[in-house]
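A.B. asks: Let me give you the structure first, and then I'll get to my questions.
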Amino acid sequence: MGLHGGQFKTMQIPIETFHLDNGLFVTLSEDHTAPIVAVNLWYHVGSANEKPGRTGFAHLFEHMLFQGSAHVGSNEHFELIQRAGGTLNGSTWLERTNYFETVPSNELALALWLEADRMGELLPAMTQEKLDTQRDVVKNERRWSVDNQPYGTMLEKLQELVFPASHPFQHSLIGSMEDLSAASLDDVAQFFSTYYTPDNAVLSIAGDFDGTEARRLVSEYFGPIPKGKGKPPLPPMSLPSVFGKQLREVVHDDVSLPRLFMAFRSPVLGSERYYAASVASAVLGLRKGSRLHRSLVRERQVAADASAFTFDLAKGADLLVVDVTARPETGTAQLEEEVEREIDLLHRDGVTEPEVKRAISLIETDLIASLQSAGDRADRLSMFATYFNRPELINEQADRYREVTAQRVNDLVSEQFGEDNRASLLYVPKEGIEAEGIMAAAASTG
């Protein structure tokens, strides 16, 4: 923890930006401390952009994009990057999809060429067979990581619980089995040509590269790709600042311990009040010195684990989530009461200045650490460029956090943590219910 407030002032990330004629937004951040370079591509499309009956496309696409393009064979993207000594992956979220490679600096051209080939020429290589294969892969992933994973349905069930039925954030990120089965090659091609276009993308390059050479490569590889025909606007995203009532769902699942996810509607990423919410979540649940960990895990010993985080949604409304897992001897009702008690206490008495200072210094340390990594730096540049058209916001984050006072956090707490803004998603072990039922039956016959 040797990094203090003042130290961030000197750490300005260098940023250059330019646009290609086809609308591709490019951000460059040179740093020659290590001989590696990160390439990070964000497409401004996520599950929020899917049509009813066609959920799961954004995530299915993340798989399809590794299945080869006009000049790249089916698994070749992975092979070429790994053979060059690099790493790569992709991820899907409600508002964006991203693809990224980190490679030795002399392999920058390879990473850029691969990304450009699939942006410009994926469709010629797309076949029914590939679609069928990847659809099965995604269905398997759904079985493994959602349906048969303890607490795996959390994201999906939380989205359903806290967003109104018509809202773009309400449906499952991974998609339903029915929708995935119904996806035709034509549907997929249409989705690609609508959203996977240079004018709906941000390309960030961070690390050890030459700026002039990078610009030349980007122009050469991405320049010829035609811009899109425009994407349909999202339905209205705005929501009231609170749920308006308490929401609650109990899930009887194959889990060994009760676990409570309590969500609060919260100000969107990048807004003035977002920073106060982020600090509030850190006070509650960032690492072992946080309130929930200290009180529920250490002192009262009712929880095995406790944390809090924000979803960082940039449209409509964000979510702040408290996540507490019970100890084996803690009953479901007790878990819920204990968490409610902590939230009531926060809502009634607020936070103190020392708590806020601790939270901010932890957040700042994490910020600094993440900016040391070329991959994380490129990812954050892409995020600020995609959501706000301002990659330079990366350099303003520490200051935005430092401006947060206990008073600002308490204003937020009094508005967002009341009983009219709590959604509880409670996981209960199936065996526990049966055991309780047997005990109750025995008691009544006795």
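The values are calculated or read from the model by the stated rules, or taken from the named source; none is laboratory data. Bear in mind the structure is a predicted one, so any value in this text is a computation, not a measurement. Neighbour counts are summed over all protein chains in view; Cβ atoms, including those assigned to glycine, are modelled from backbone coordinates with ideal geometry. Just so you know, the surface numbers come from the protein's heavy atoms only, side chains and all, with ligands and any DNA or RNA stripped out. Shrake-Rupley method; radii C 1.70, N 1.55, O 1.52, S 1.80 Å.
A.B. asks: Seen from all sides and averaged, what is the projected area of the convex hull of the Cα atoms in segment 81-234, in nm²?
C.D. replies: For segment 81-234, averaging the hull's shadow over all directions gives 11.4 nm².
A.B. asks: Now a separate question. Starting from the Cα gyration tensor of segment 187-344, take the square roots of the eigenvalues, sort them a ≥ b ≥ c, and report rounded, prolate or oblate (rounded when a/c is under 1.5, otherwise prolate if a/b is larger than b/c, else oblate).
C.D. replies: Note, shape of segment 187-344 comes out prolate.
A.B. asks: Provide the three semi-axes, in whole Å and in decreasing order, of the ellipsoid equivalent to segment 350-429 as defined by the square roots of 5 times the Cα gyration tensor eigenvalues. Don't skip to the answer; put the middle values down first.
C.D. replies: Working: eigenvalues 157, 73, 41 Å².
They are 28, 19, 14 Å, listed from largest to smallest.
A.B. asks: Right, something else. Of the DSSP beta bridges with both residues in the chain, give the percent that are antiparallel, rounding to the nearest 5.
C.D. replies: Restricted to the chain, the bridges split so that about 80 percent are antiparallel.
A.B. asks: Given the chain, what count of lysine pairs have C-alpha atoms under 20 Å apart, with each pair 8 or more places apart or on different chains?
C.D. replies: Taking the Cα cut-off of 20 Å, the pair count is 13.
A.B. asks: Compute the whole-percent fraction of alpha carbon pairs in segment 39-128 spaced more than 22 Å apart.
C.D. replies: That tail contains 27 percent of the Cα-Cα pairs.
A.B. asks: What number comes out for accessible area per residue over the chain if the probe is 1.4 Å? Units Å², please.
C.D. replies: It amounts to 43 Å² per residue over the chain.
A.B. asks: Indicate the gyration tensor shape class of segment 321-377 (rounded, prolate or oblate), computed on the Cα atoms with a ≥ b ≥ c the square roots of the eigenvalues: a/c under 1.5 is rounded; otherwise a/b larger than b/c is prolate and the rest oblate.
C.D. replies: Note, shape of segment 321-377 comes out oblate.
A.B. asks: Follow-up. Quick one, can you get me the convex hull of the C-alpha atoms of the chain expressed as volume per residue in Å³?
C.D. replies: Convex hull volume per residue, Cα atoms: 159 Å³.
A.B. asks: What shape does segment 120-164 take by its C-alpha gyration tensor, where a ≥ b ≥ c are the square roots of the eigenvalues and a/c under 1.5 counts as rounded, a/b above b/c as prolate, and the rest as oblate?
C.D. replies: On the way: a/c = 4.29, a/b = 1.94, b/c = 2.21.
Oblate is the answer for segment 120-164, as a/c is 1.5 or above yet b/c matches or exceeds a/b.
A.B. asks: Sticking with this one: Please determine, in degrees from 0 to 90 and to the nearest 10, the orientation of helix 406-416 with respect to the longest principal axis defined by the Cα atoms of the chain, where the helix direction is its Cα long axis.
C.D. replies: Value to nearest ten degrees: 80.
A.B. asks: In percent, how large is the relative contact order of the chain, given Cα pairs closer than 8 Å and 6 or more residues apart?
C.D. replies: On the way: 797 pairs, mean separation 95.5, N = 446.
The value is 21 percent.
A.B. asks: Would you mind calculating the gained length between Ile368 and Thr194 on full extension (0.36 nm times residue separation, minus the Cα-Cα distance), in nm to one decimal? Present the calculation step by step, with values, prior to reporting the outcome.
C.D. replies: On the way: separation 174, 0.36 × 174 = 62.64 nm, distance 3.66 nm.
Residue separation times 0.36 nm, minus the Cα-Cα distance, leaves 59.0 nm.
A.B. asks: Enter the angle in degrees (range 0 to 90, nearest 10) between the Cα long axis of helix 108-121 and the first principal axis of the Cα atoms of the chain, meaning the one along which they spread out most.
C.D. replies: For 108-121 against the chain, the angle is about 90 degrees.
A.B. asks: Using only Cα atoms, locate the centre of segment 395-428 and the centre of segment 264-289, then give the distance between them in Å, rounded to an integer.
C.D. replies: Between the Cα centres of segment 395-428 and segment 264-289 lies a distance of 4 Å.
A.B. asks: For segment 321-370, what % of the accessible area comes from carbon and sulfur atoms, probe 1.4 Å?
C.D. replies: About 58 percent, which is the carbon plus sulfur part of the accessible surface.
A.B. asks: In debye to the nearest 20, how big a dipole does the chain give about its Cα centre with +1 on each Lys and Arg Cβ and -1 on each Asp and Glu Cβ?
C.D. replies: 620
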